1. Restricting attention to segment 13-23, which residues are in a helix (DSSP H, G or I) and either within 8 Å of the ligand (Cβ to nearest atom) or not polar (S, T, N, Q) (or both)?
2. If a residue must be over 10 Å from Val97 (Cα atoms) and out of contact with any helix residue (DSSP H, G or I) (no Cβ under 9 Å at 6 or more places or on another chain), how many such residues does segment 65-81 contain?
3. Kindly indicate the residue of segment 76-110 that is of a type in the set (Ser, Thr, Tyr) and closer than 29 Å to Gly139 by Cβ and also farthest from the chain's Cα centre (by Cα) among those meeting that condition.
4. So Ser29 passes all but one of these: (1) of a type in the set (Ser, Thr, Tyr); (2) within 23 Å of Pro104 (Cα to Cα); (3) touching a Phe, Trp or Tyr at 6+ places or on another chain (Cβ under 9 Å). Which condition number does it fail?
5. Which of (1) in contact (Cβ under 8 Å) with a residue 24 or more places away in the chain; (2) among the charged types (D, E, K, R); (3) not in a helix (DSSP H, G or I) does Lys130 not meet, given it meets every other one?
6. Which count do you get for residues in segment 102-116 that are farther than 21 Å from Gly39 by Cα and crowded, with 23+ Cβ neighbours inside 10 Å?
7. Which one is farthest from Gly25 (Cα to Cα), of the residues in segment 115-126 that are within 13 Å of the ligand (Cβ to nearest atom) and outside any loop (DSSP other than H, G, I, E, B)?
8. With respect to Phe161, is the statement that it is farther than 23 Å from Ser26 by Cβ, surrounded by 19 or more Cβ atoms within 10 Å (Cβ to Cβ) and modelled with pLDDT under 95 true?
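The values are calculated or read from the model by the stated rules, or taken from the named source; none is laboratory data. As the structure is a computational prediction, the values presented were derived from the model and not from experiment. All Cβ positions, even for glycine, are placed from backbone atoms using ideal geometry, and neighbour counts span all protein chains on display.
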Amino acid sequence: MSDEPSPELALTFSFYERVLRKGPGSEGSTLKALSMLDGLPPTPRIVDFGCGAGVASLVLARATRGHVTAVEICRPFLNQLEAQAATEGLTERIRTVEADMADPPFPDGSFDLVWAEGAIYNVGFEKGLKRWRRLLRAGGFIAVSEASWLREAPHGKAVDFWEAEYPAMSNIEDNLTTFRAAGFEPIGHFVLPSEDWKDFYGPVQEELAPFRATHLENAEAQAFADSMQQEIDLWKECGDSCGYVFYLGRAI
Ligand SMILES: C[S@@+](CC[C@H](N)C(=O)[O-])C[C@H]1O[C@@H](n2cnc3c(N)ncnc32)[C@H](O)[C@@H]1O
């Protein structure tokens, strides 16, 4: 891909180059989701959309004998993944592809498993599911984590913040309905534990001060750091209002 990201996106990417995990999750949750997919072939063909530095791609490659196609729009993140894959001797089984996951450059039926951790929101939950369905062979699996409302009456502060940041966020029931409408039979879901948020927000929190210091004159960078800090503080105060849910399904 040769299109330059917007200055706003470039700033976001430059921040996230500082941390390996670019969204909530953990090796344990990746393995738990994988273990719920009963009937995967012995050497599954897996695509990991919005792979970032490949925290999930690496777990999937280690835990299966399959091949992982790791798709990401930001080249420096793929460089991070390639370096780690080489260190672990996984280069043969992890292919990186710099592409827009909204328009995946793969033929129909290319994969046994579509994976996306904390990434489908960039395309939209419904749109992402619909666009990725054709990539699966009949009976293939999907595993995506998505921010979801967890309470019928979420905390007002959480509603105010997320309605501005991610107005499309839905609850679990509605997301399962969307899942079915997009051509997937739900086979399980679970809420990511709060440790997964600590694993994400901990390193992010540590990088905010150095990031601010390298962008002292940059109002956009300071605003980005303000918003990130607000998100972390909100999670500490009312983290049970919403969270990430792993949704697992089978193509029907
Ligand atoms: C919240 S991060 C999650 C990254 C990774 N899955 C993880 O858990 O660390 C979302 C990722 O999606 C990538 N992304 C955003 N829009 C994208 C697009 N249209 N196509 C491919 N990747 C995209 C971002 O660059 C980022 O790495």
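1. Filtering segment 13-23 down to residues in a helix (DSSP H, G or I) leaves 13-16.
Phe13, Phe15, Tyr16, listed by residue number.
2. The total comes to 2.
3. If we filter segment 76-110 for residues that are of a type in the set (Ser, Thr, Tyr), which is where we start, we get 87, 91, 96, 110.
Remaining after also requiring closer than 29 Å to Gly139 by Cβ: 96, 110.
On the way: Thr96: 16, Ser110: 20 Å.
The qualifying residue farthest from the chain's Cα centre (by Cα) is Ser110.
4. Answer for Ser29: the failing condition is (2).
5. All conditions are met except number (3).
6. Applying the first criterion (farther than 21 Å from Gly39 by Cα) to segment 102-116 yields 102-107.
Filter once more, keeping what is crowded, with 23+ Cβ neighbours inside 10 Å: none.
Total satisfying the criteria: 0.
7. Residues of segment 115-126 within 13 Å of the ligand (Cβ to nearest atom): 115-124.
Narrowing the set further to residues that are outside any loop (DSSP other than H, G, I, E, B) leaves 115-117, 120-122.
Details: Trp115: 13, Ala116: 11, Glu117: 7, Ile120: 14, Tyr121: 15, Asn122: 17 Å.
The extreme case among them is Asn122.
8. Working: farther than 23 Å from Ser26 by Cβ: yes; surrounded by 19 or more Cβ atoms within 10 Å (Cβ to Cβ): yes; modelled with pLDDT under 95: yes.
Yes; evaluated as a whole, the condition is true for this residue.
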